[in-house]
Amino acid sequence: MDFEAVAQKLHSIAITSSTSTKEDLLCRFQVDEDFVKVLKFIYNPYITTGLKDAKLESAGIARVPANPSAEYIMLYLTANNTGTLAAAEIANAFITSQATGISTWAAIGLVTKSLKIGVSATTINKVYGKGTIPIIGIMRGMHATESNVHGAYIATEKIDGNRRIIMNKTTGVEIYTRSGRRDTGLVEIEKEVSRLLPKGFVYDTELAAIGNFADSIALRQASASIANRRGQKRGGVRAMVFDMLPQEEYDQGISKVSAIGRKLSIATLFNDAQGVRKVATFYQTGTLELLEAFKRVVFEPVETRYVVGLPIIAIINTYQQAIAAAQPIWDTGGEGLMLVEWSSPYEVNPNPRKTLLKIKATKEYTVRCIDLFEGSGRNEGTLGSIYCRFEHNGETCLVSVGSGFADYQRDMYWNEPDLIVGHDVEIESFGLSVNAAGQTSLNCPIFKRVVGDND
C-alpha cells in the first residue's frame with residue numbers, strides 16, 4: 001500500500017469545505033482499494049485500537065518490526081485492540097516512519113481512529129452504498145401531542161435509565177452506549193444474552209437499577225451510578241428490552257419487520273402472554289392464528305433475570321387514550337410511555353422519528369450551562385446547582401438547576417467544571433414559568449445529561 005498517496009487523498013477531502021465536493025472526491029477515490037480499506041478501518045465502529053494521543057506520547061518506539069506498513073498496523077491493531085504499551089510502541093514506529101507531515105497526520109488518525117476529514121459514516125454509505133460502514137446508533141423518538149398521534153400505536157412503559165444496544169453475534173455479545181462506546185462491564189447481562197437469547201439479533205434496551213425507587217429521578221440516578229462505574233458491574237442492573245431486530249438489518253440502518261412484529265417477538269420471548277392477547281385483539285383474531293402469522297419473528301419463551309422484556313401495556317389510537325394509559329405510571333412516580341406506530345420500521349437515525357413518540361408529564365429542554373455553585377448541607381463541598389442560559393421567543397432566559405444529579409456527578413462536575421460549564425445540557429421541566437424577578441424561566445428543572453455524553 002502506498003500510504004502517502006492514501007494520506008494525500010484523505011487530506012484533499014479534509015481541506016474541502018463543500019459537502020458536495022467532499023462527496024465527489026469520495027466517489028472519485030472509490031477505485032482506490034487501499035483508500036477504501038483505510039477509510040473502512042477508521043470509520044468502522046466495531047474495529048477498536050484502544051489508543052489515544054496520550055498513550056502514544058507516553059510510549060516509546062518499537063524496533064521490531066522496523067517501519068511497519070499500513071496493512072500490518074491495521075491487522076495488528078485489529079487483533080491487539082486493548083491499547084497496550086506494546087501496541088502503542090508499534091503504532092509509534094508506523095507514525096515515525098512517515099515521510100511527510102500529511103502522512104504523519106493520517107497515520108496518527110489511523111491508529112487512534114480519530115481522523116477528521118469532515119465526512120460522516122452516513123455520507124460514506126450514501127456514496128458507497130448502505131452497509132459500507134456499520135452504524136451504531138439508536139432510533140430516537142419525539143414528544144407526542146394531540147396533533148401528531150395518528151393511527152394505532154403499541155404502548156410500553158418509558159424507563160428512565162441508561163440506553164444500551166446489545167448485539168448477540170455468533171462471535172460473542174457486544175454492548176454499546178447510545179453514542180457507540182463499547183461497554184464491557186455488564187458481564188452478567190452478557191452471559192445471559194449469550195446463553196438464552198436468539199443470536200443474530202440486536203436488542204435495544206434501557207439499563208435500569210434493580211430495586212424499588214421513589215420515582216423515575218431516583219431510578220435514573222441509581223442506574224447512572226452503576227452504569228458509569230469502571231470495570232465490572234455485577235448484580236445491580238438489568239437490561240429492559242423494548243425493541244429487537246436482526247443484526248443485518250440494524251447494520252443497514254433500517255428493519256424490515258414492522259413494529260408489531262418486533263413487539264410480538266419480545267412478548268413471546270419474555271412470556272408476555274397479556275401483551276400477545278392485546279395484539280391478537282387488535283387484529284381481531286385468535287392468538288394461535290396470530291402466532292401463525294408471525295412465525296418468522298416469534299420465539300420460545302426464556303427465563304431470565306438480568307435481561308427482561310418490557311410488557312405491552314396497550315394499543316392506543318388517540319392522544320387521550322395515551323394520557324389515560326400513562327396516568328397509572330405517573331401516579332407511581334414513573335416517567336411515562338413510549339408509543340411506536342404499529343407498522344413502522346426501526347430506523348437508526350440521529351433525528352427523532354415521528355413514528356416513535358414519548359408521553360411524559362415533563363418536557364425536555366436543551367440549555368447552555370454557564371456556571372456552577374457549591375451546595376449546602378449534605379452537598380457542602382460539592383456541586384449544588386448549575387446556572388444555565390436558554391432562548392425563548394428571542395429572549396435570553398436563565399434557570400438554576402439543582403435536581404437530578406447523582407452523587408458521583410456532583411463530585412465529578414465540581415472537581416472538573418470544564419466537563420459541564422460551556423456545554424449544552426438536557427433538562428426536564430414542567431414547562432415555562434416566571435421567576436420572582438418577573439423573568440421567564442423553567443418550572444422544576446431536573447438535570448438529565450450533558451449533550452454528547454456517552455450515556
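The values are calculated or read from the model by the stated rules, or taken from the named source; none is laboratory data. Since we're looking at a predicted model, the values are computed, not measured. Positions of Cβ are generated from backbone atoms using ideal geometry, with glycine treated the same way; all protein chains shown enter the neighbour counts.
Applying the set (1) surrounded by 11 or more Cβ atoms within 10 Å (Cβ to Cβ); (2) over 30 Å from THR184 (Cα atoms); (3) modelled with pLDDT of 95 or more to THR19 leaves exactly one unmet item: (3). Restricting attention to region 38-53, the residues being loosely packed, with under 15 Cβ neighbours inside 10 Å and modelled with pLDDT of 95 or more number 0.
When MET338 is tested against (1) farther than 19 Å from VAL276 by Cα; (2) surrounded by 15 or more Cβ atoms within 10 Å (Cβ to Cβ); (3) aliphatic (A, V, I, L, M), exactly one condition is not met: (1). The strands (runs of 3 or more DSSP E) found entirely in region 104-219 that carry 2 or more residues being buried (at least 19 other Cβ atoms within 10 Å of the Cβ) and aliphatic (A, V, I, L, M) are 153-158, 162-169, 172-177, 201-209. Determine which single condition ASN393 fails, assuming it passes every other condition in (1) more than 19 Å from LYS448 (Cβ to Cβ); (2) modelled with pLDDT under 95; (3) assigned by TED's automatic domain parsing to the domain that holds GLN252. Of the numbered conditions (1) more than 19 Å from LYS448 (Cβ to Cβ); (2) modelled with pLDDT under 95; (3) assigned by TED's automatic domain parsing to the domain that holds GLN252, the odd one out for ASN393 is (3).
Could you list all residues from region 1-54 that are outside any helix (DSSP H, G or I) and among the basic types (Lys, Arg)? The answer is LYS52, and nothing else. Looking at the structure I just gave you, is VAL202 under 15 Å from the mean Cα position of the chain (by Cα) and at pLDDT 95 or above? Yes; evaluated as a whole, the condition is true for this residue. Taking helices (runs of 4 or more DSSP H) as the structural unit, those lying wholly within region 230-287 and holding at least 3 residues that are touching a strand residue (DSSP E or B) at 6+ places or on another chain (Cβ under 7 Å) and among the aliphatic types (A, V, I, L, M) correspond to 259-269. Among the residues of region 128-150, not a single one is touching an Asp or Glu at 6+ places or on another chain (Cβ under 7 Å) and among the hydroxyl-bearing types (Ser, Thr, Tyr). Can you spot a residue in region 321-330 that is of a type outside the set (Asp, Glu), out of contact with any helix residue (DSSP H, G or I) (no Cβ under 9 Å at 6 or more places or on another chain) and part of a strand (DSSP E or B)? No - not one qualifying residue is present in region 321-330.
Among the candidates GLY384, GLY422, single out the residue that is part of a loop (DSSP other than H, G, I, E, B), more than 29 Å from ALA326 (Cα to Cα) and at pLDDT 90 or above. Can you show your working first?
Numbers: GLY384 fails: part of a loop (DSSP other than H, G, I, E, B).
After applying the criteria, what remains is GLY422.
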